[in-house]
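Undergrad: Mind looking over this structure? Questions follow.
Bear in mind that the values in this text are calculations on the coordinates, not laboratory data. Computed from a predicted structure; not experimentally measured. Virtual Cβ from ideal backbone geometry, glycine too; neighbours counted across all protein chains shown.
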Amino acid sequence: MYAFEMHQPVTLEAALDHLASGARPLAGGQTLLASMKLRLSNPETLVDLGRVAGLDAIEVAPDAVCIGAMARHADVAAHTGMRAVFPALADLAGRIGDRQVRAMGTLGGVIANNDPAACYPSALLASGATVITTGREIAADDFFLGLFATALQDGELVCAVRFPVPRMAAYEKQRQPASQFPLAGVFVARFADGIVRVAITGAGGGVLRHTALEAVLSEDFRPEAAAAVRFDPQDAVGDLHAPADYRAHLIDVLSRRAVASALRAG
Ligand SMILES: Cc1cc2nc3c(=O)[nH]c(=O)nc-3n(C[C@H](O)[C@H](O)[C@H](O)COP(=O)(O)OP(=O)(O)OC[C@H]3O[C@@H](n4cnc5c(N)ncnc54)[C@H](O)[C@@H]3O)c2cc1C
């Protein structure tokens, strides 16, 4: 690792001052520190968000949950209120990566990084969540802009994400055993008015909605109905871990499982 400067402010205002001077935000370091060690990224100054008061708050109400950017995956997974009100989201957090990643990794870090195989972006997109930043609120549909790209501007921080609570939801994924990231993952959310949103991760250049499946499931929320819809392999990526047609097949299988899991969870 090369030498760098690090600030550890305790207020958001002080953190923003450092960002305005060119510092890079540091959350749990699960991506950023590894990429600095490999010299894929070389910031000279970091601003550690770990001591900024309130950024790790988790608030739960019957119809919405709000998770602070610095909430660790393990804390979301173990949160009693979250497990009661939005169990699919707690379950997703509890199956991210390995124990170290869950202990250190954060919601803000995942979505700012927007790895095309990350789990959380699919939950944001399928739930119709809102990203709350230091300057504005951004609908998840407008936040994720493809491979490692988001609507965040320089100097803008993710503060929290507000999720509407679906009536039923589930997340299913197939892990790539070496990286622990999903080869493909499917988050299904059904709301009280019957509208279904489905988001896919790991399959393409970034998280995306599966609109053909959403239309079918909004009429008939059963695994058998999901089975009638095929994900187009042309919309999936192929790489050394899996060809595109295998990823497309995984999405079909995981979609059916996600609907069955959501129905079982009630
Ligand atoms: C082995 C391994 C397996 C993993 N498996 C999974 C998985 O299965 N599913 C999954 O979803 N994720 C997975 N991850 C990612 C993990 O969940 C981390 O959260 C992710 O690596 C980001 O790390 P971090 O939260 O520590 O953020 P950092 O590494 O500290 O930061 C990541 C990026 O986000 C920026 N940033 C951080 N916080 C903010 C903020 N509040 N506002 C604006 N920008 C910010 C940083 O400047 C940096 O560019 C895995 C990671 C590893 C190393």
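Undergrad: Taking the Cα centroid of the range 1-18 and of the range 179-208, what is the distance between the two, rounded to the nearest whole Å?
TA: That distance is 34 Å.
Undergrad: Run the numbers for Arg175 and Ala192: contour at 0.36 nm per residue of separation, minus the present Cα-Cα distance, in nm.
TA: 3.1 nm
Undergrad: Got a sec? How would Asp56, Asp154 order by Cβ neighbour count within 10 Å, fewest to most?
TA: Placing the least packed residue first, the sequence is Asp154, Asp56.
Undergrad: Using the number of other C-beta atoms within 10 angstrom as an exposure proxy, rank Phe187, Phe143, Phe148 with the fewest first.
TA: Fewest-to-most Cβ neighbours within 10 Å comes out as Phe148, Phe143, Phe187.
Undergrad: What are the trypsin sites (Lys or Arg not before Pro) within the range 155-256 that DSSP puts in a loop, where the Cβ has at most 15 other Cβ atoms within 10 Å?
TA: Arg167, Arg230
Undergrad: Using the alpha carbons of the chain, what is the convex hull volume per residue in cubic angstrom, as a whole number?
TA: 118 Å³
Undergrad: Continuing with the same structure: For Ala53 and Ala78, what does the FRET efficiency come to when R0 = 22 Å and r is the distance between their Cβ atoms, rounded to the nearest 0.05?
TA: 0.55
Undergrad: From zero up to wherever the largest Cα-Cα distance of the range 152-266 sits, split into 5 Å bins and tell me the percent of pairs in each.
TA: 2, 12, 21, 22, 16, 13, 9, 4, 1, 0
Undergrad: Hey, got the dipole for the range 162-218? About the Cα centre, +1 on K and R Cβ, -1 on D and E Cβ, debye to the nearest 20?
TA: With Lys and Arg at +1 and Asp and Glu at -1, about 120 debye.
Undergrad: Stokes-Einstein at 25 °C, 0.890 mPa s, Kirkwood radius from Cα pairs: D for the range 1-64 in µm² s⁻¹?
TA: Approximately 189 µm²/s, per Stokes-Einstein.
Undergrad: For the range 37-140, which trypsin sites (Lys or Arg not before Pro) are both in a DSSP coil and crowded by at most 12 other Cβ atoms within 10 Å?
TA: Answer in residue order: Arg39, Arg136.
Undergrad: Let me ask another. What are the semi-axes of the equivalent ellipsoid for the range 1-118, taken as the square roots of 5 times the Cα gyration tensor eigenvalues, largest first, in whole Å?
TA: Gyration-tensor ellipsoid for the range 1-118: 27, 17, 10 Å.
Undergrad: Also: Filter the GluC sites (Glu not before Pro) in the range 1-63 down to the DSSP loop ones having no more than 12 other Cβ atoms within 10 Å, then list what survives.
TA: The qualifying sites are Glu44.
Undergrad: Using the Cα centre of the chain as the reference point, and only Cβ charges (+1 on K/R, -1 on D/E), how large is the resulting charge dipole? Debye, rounded to the nearest 20.
TA: 800 debye
Undergrad: Now for a different question. Post the alpha-carbon centroid distance, the range 222-243 to the range 32-111, in whole angstrom.
TA: That distance is 29 Å.
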